[in-house]
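Asks: Below you will find the structure I want to go over with you.
The values are calculated or read from the model by the stated rules, or taken from the named source; none is laboratory data. Everything numeric here is computed off the predicted structure, so don't read it as measured data. Here the Cβ positions follow ideal geometry from the backbone for every residue, glycine too, while neighbour counts run over all protein chains shown.
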Amino acid sequence: MSITIRLQSIKCLREVNESSPTEEPYVLVTSADLGSTIPGVPAPPNLEVFRYGVWNEVDAGEVRASDGPAFWGVDSAQHDIRNPDDVALIVSLMESDNADPRQYQTLVKTVATMSLTSSLGQTNNPTRVTKLLSDIRNALNGVDLPIPFALDDDHIATEQLKLDGADLIPFGIRERTITITNTEGAYELTFIIKRHGWRESELAGPGSASGSSRVAAVSRIPGSMELWWVGGNGSVEGAYWYDGQPWARYQIAGPGSASTSSGIAAVSRIPGSMELWWVGGNGSVEGAYWYDGQPWARYQIAGPGSASTSSGIAAVSRIPGSMELWWVGGNGSVEGAYWYDGQPWARYQIAGPGSASTSSDIAAVSRIPGSMELWWVGGNGSVEGAYWYDGQPWARYELANPGKASASGGIAAVSRIPGSMELWYVGGNGSINDAFWYG
């Protein structure tokens, strides 16, 4: 689990009562990796001391940002934390007077190295950290020398930033704060814990999905995601996630409702609604819709035999009041259906029988509200395309020659900007091929 931790900001809560009307704080963070590669054998010192600041002329109530490097990992790079007890983070807050902060940084690193070296016989990491905290605190309290430009900065306080299981976040960021206060002043330090990289988890156990099922997903609002697939028994299964909560599962359609090799497609045309489609076990095209506060409801777009049971299915919502759906017919045709708010679904055909592989996936994008683009694999292994502009009929073209694509391979597309489209497909030889378009 790759994590970084850094100081985000410092806030002055109360100023020191000195001749200077403002404060000049800085922060030293001692970061030590106590994780051992040999069970039961304490790790030798692996640490660094990071300095943030000096921040000049800080008044009470002011917040100053820190743009310094992460102090975890020890080398400022992303590192795993398997056990919070394997990490020692000691935060020292200083007030600059006349000294060179680098001297204190060097001092703290020397003291920390000696402390962790002297505790190598101790197998309990929390005990080692307690000693480390005490040794750094005592060292900084004992070097306030009344010699100008020597070690005469004020040590406000030294505290531990103690991690626990809640800090090992699965994704995103987490804030932690420490309030440091004594007669020398009071400050609030804010730290950011950030999870990097991919992390795997299992949403449904073995046997939950057909081995040849596609998967569809949408995010209708920033704090939520929804996922659907075909079960091994032909059911249609769903799972949803809301920020801060675990995934939860539900069933949209019972056993036998879907072809186990069916495509599945979904859109969220407005934040409070989701729509889902799949191919039935009898070759029908089935749909389900959800509106916020209401249960899922089902309907049928095309009757039995209308679709290949191994067909892909694609959908877009180019404007909030419209949805468009496409699939491969049982005879290799390419079929479409559209819906406008307040009107029933209507069907049409884009390409006649034999135009598509009956096991082809379908990809679609709407790069601008007044246009849609569609692609599929032909029965001869070509890559076929069709486009539509508002007020004009669909027009077809061939993107890749016969034999270029796998008849049962996937195909996917995006439009990252209005004037561009990109398409990928599996080649007949197992390659991954790309095509792009700029307007």
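Asks: Answer yes or no as to whether Gln105 is polar (S, T, N, Q), part of a loop (DSSP other than H, G, I, E, B) and touching a residue at least 40 places away in the same chain (Cβ under 8 Å). Break it down stepwise before answering.
Replies: Working: polar (S, T, N, Q): yes; part of a loop (DSSP other than H, G, I, E, B): no; touching a residue at least 40 places away in the same chain (Cβ under 8 Å): yes.
No; evaluated as a whole, the condition is false for this residue.
Asks: While we're on this one: Mind checking which residues of segment 284-308 are in a loop (DSSP other than H, G, I, E, B) and crowded, with 20+ Cβ neighbours inside 10 Å? Explain how you work it out, then say what you get.
Replies: Initial filter on segment 284-308 (in a loop (DSSP other than H, G, I, E, B)): 284, 292-296, 303-308.
The answer is Ser284, Ser306, Ala307, Ser308.
Asks: I would also like to ask the following. Can you give me the number of residues within segment 264-276 that are out of contact with any Phe, Trp or Tyr (no Cβ under 8 Å at 6 or more places or on another chain) and either crowded, with 16+ Cβ neighbours inside 10 Å or in a strand (DSSP E or B) (or both)?
Replies: Within segment 264-276, the subset out of contact with any Phe, Trp or Tyr (no Cβ under 8 Å at 6 or more places or on another chain) is 267-271.
Narrowing the set further to residues that are either crowded, with 16+ Cβ neighbours inside 10 Å or in a strand (DSSP E or B) (or both) leaves 267-269.
Of the residues in that region, 3 qualify.
Asks: Within segment 396-405, how many residues are surrounded by fewer than 11 Cβ atoms within 10 Å (Cβ to Cβ) and either among the small types (Gly, Ala, Ser) or not in a strand (DSSP E or B) (or both)?
Replies: Taking segment 396-405 first, the residues surrounded by fewer than 11 Cβ atoms within 10 Å (Cβ to Cβ) are 397.
Then keep just the ones that are either among the small types (Gly, Ala, Ser) or not in a strand (DSSP E or B) (or both); that gives none.
Of the residues in that region, 0 qualify.
Asks: Under 9 Å between Cβ atoms, which residue pairs at least 6 apart in sequence (or on different chains) link something in segment 366-386 that is assigned by TED's automatic domain parsing to the domain that holds Pro353 with a partner that is of a type in the set (S, T, N, Q) and not in a loop (DSSP other than H, G, I, E, B)?
Replies: Partner pairs satisfying both residue conditions: Arg367/Ser420; Val383/Asn433.
Asks: Of the numbered conditions (1) within 23 Å of the chain's Cα centre (by Cα); (2) surrounded by fewer than 20 Cβ atoms within 10 Å (Cβ to Cβ); (3) closer than 30 Å to Trp278 by Cα, Ser208 satisfies every one except a single condition; which is it?
Replies: Checking Ser208 against (1) within 23 Å of the chain's Cα centre (by Cα); (2) surrounded by fewer than 20 Cβ atoms within 10 Å (Cβ to Cβ); (3) closer than 30 Å to Trp278 by Cα, the one that fails is (1).
Asks: Can you confirm whether segment 318-325 contains a residue that is in the same structural domain as Ser415 (by TED's automatic domain parsing), buried (at least 20 other Cβ atoms within 10 Å of the Cβ) and of a type outside the set (D, E, K, R)?
Replies: Scanning segment 318-325, I find at least one residue that is in the same structural domain as Ser415 (by TED's automatic domain parsing), buried (at least 20 other Cβ atoms within 10 Å of the Cβ) and of a type outside the set (D, E, K, R), so the answer is yes.
Asks: Let me ask you something else. Among the residues of segment 331-378, count how many are surrounded by fewer than 17 Cβ atoms within 10 Å (Cβ to Cβ) and assigned to a loop (DSSP other than H, G, I, E, B).
Replies: Counting residues in segment 331-378 that are surrounded by fewer than 17 Cβ atoms within 10 Å (Cβ to Cβ) and assigned to a loop (DSSP other than H, G, I, E, B) gives 12.
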